[in-house]
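Student: Got a structure here, written out as structure tokens. Questions coming.
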Amino acid sequence: MAKSKLVTVVLLVSILTYGQDSRWLLQKEGKWRFENHLPEKAYKMRNATLSVADNLTFRNKIATLAEWFRQHHPMLKSPKGYDLRALSGSVWGDFTTKSDAEYGIPASMGFLFEIFDSDGGKWTVEPPQYAFEINAIDGGHDGRYFTPESVTEDGKRYDLSQSEAVSKALQKMTEFFPTYPLKAQPCPGVDVYEAGGRQKIVVYNPQRPPFWIPVTVKEMADAHLSYYALFQKEEIDRMVLGQLKQEIAELSPEELAAPAYSRHNTHFVLKVNGKRNGLQIMRFNPSYWDRTLPISAIQLMTFWNACHTEKQMAEQQKRSYPDYPQLFVNQIEWDKIANLIQKKQ
């Protein structure tokens, strides 16, 4: 057998038997530790300055939140089979406000299950883990409706004097996201959305206005026009704008006024419709935030549920180790999580 083929066979066998050959010490007592990776420095935001005091307050609140999970979730309070490493981090690297819909400081919280192995080590590089987000407004289930192309600011596609206008138009386009239907409300302040075989769970203050609000087809059309009209130096961009105007002209006044859904059978620039075909498009509601609270307040949390069945979990454990992320989310008590949302000063 050729050497390259032999190496391929060995690698394939290793991959197929990795879970079977590994021996995890699932009964070994583990420890908890928390790493706070949130910044401490002051940051200039679009409408305000995030001070050192704001950051320190927020870091303390997130540390308190991590400790709450440790005290109230059995998999964190008494780790067995793994060391539990909790860590917090910023949702965006530059930590700046992107739109009028932002107020609360955004962050993420992750729980890493560093499984012990029979060789005296443990799985520390991308081990099984579960994470959720705090105060994050990018709430779509399939990401944003519009993912911007890479635009080089060299003046070839638009006048550089229009850079600020391009930035604002792009910001507007990226505010939109598709959402799945609401499936359940297990308790006040918790919404469960069915997301293509998974679930997205939003924990919020039910006394506030809705956190997501519908977008009309006309709003989408206007945002597209504002964006694409700025790119007119190249023929392909002029063709796209012409096509966009034609697509808008084909829409009736009734459809333009209707809520937007993310699908269209014939349009390829304005790919939305007002006939409830596809996923509804939303944007975050700036009025949801209680701005009498400090920006360090936790006012929104978003979780994911992979929705693995008991059969799938049993197969996972048989192959290798327990499905720790699914076990974690299965044991969350949502009514208690809802009480973590700050509602008053």
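Student: Send over the semi-axes of segment 196-252's equivalent ellipsoid, whole angstrom and largest first, taken as the square roots of 5 times the C-alpha gyration tensor eigenvalues. Kindly include the intermediate steps, with their values, before the conclusion.
Tutor: Numbers: eigenvalues 244, 39, 32 Å².
In descending order, the three semi-axes are 35, 14, 13 Å.
Student: While we're here: For segment 149-297, max minus min Cα coordinate along each principal axis, in Å, sorted largest first?
Tutor: The principal-axis extents, from largest down, are 54, 38, 29 Å.
Student: Subtract the Cα-Cα distance of Asp222 and Gln129 from 0.36 nm times their separation in residues, and report this length gain in nm to one decimal. Could you put the intermediate results ahead of the total?
Tutor: Details: separation 93, 0.36 × 93 = 33.48 nm, distance 4.12 nm.
That pair, Asp222 and Gln129, stretches by 29.4 nm at full extension.
Student: OK, next. Once you place label points 7 Å from the Cα toward the Cβ at Arg23 and Val91, how far apart are they in nm?
Tutor: So the label points at Arg23 and Val91 sit 4.5 nm apart.
Student: Around His224, what is the net charge, scoring Lys/Arg as +1 and Asp/Glu as -1 over all other residues with Cβ under 11 Å from its Cβ?
Tutor: Cβ neighbours under 11 Å give a net charge of +1.
Student: Also, I was wondering about something else. First select every other residue whose beta carbon is under 9 angstrom from the beta carbon of Asn205; then total the charges, Lys and Arg +1, Asp and Glu -1.
Tutor: Numbers: positive: Arg208, Lys343; negative: Asp290.
Within the 9 Å Cβ shell, the charges total +1.
Student: How big is the gap, in Å, between the Cα center of segment 318-340 and the Cα center of segment 165-229?
Tutor: Spelled out, the Cα-based centre of one part sits 26 Å from the other.
Student: If you average the sequence gap of Cα pairs under 8 Å that are 6 or more apart and divide by the length of the chain, what percent do you get for the contact order? Numbers along the way, then the final one.
Tutor: Working: 599 pairs, mean separation 64.4, N = 345.
Contact order relative to length: 19 percent.
Student: Relative to the present Cα-Cα distance, how much length would full extension add between Arg263 and Lys344 at 0.36 nm per residue of separation? Kindly include the intermediate steps, with their values, before the conclusion.
Tutor: Values: separation 81, 0.36 × 81 = 29.16 nm, distance 4.05 nm.
Here the answer is 25.1 nm.
Student: Related question: If the viscosity is 1.002 mPa s and the temperature 20 °C, what Stokes-Einstein diffusion coefficient in µm²/s follows for segment 235-345 when Rh is the Kirkwood radius over Cα pairs? Can you show the working numbers first?
Tutor: Values: Rh = 19.2 Å.
In µm²/s, the coefficient rounds to 111.
Each value in this text was obtained by applying a stated rule to the coordinates, not by laboratory testing. Note that the structure is a prediction, hence the values are computed from the model and not measured. Cβ atoms come from the backbone with ideal geometry, glycine included; neighbour counts cover every protein chain shown.
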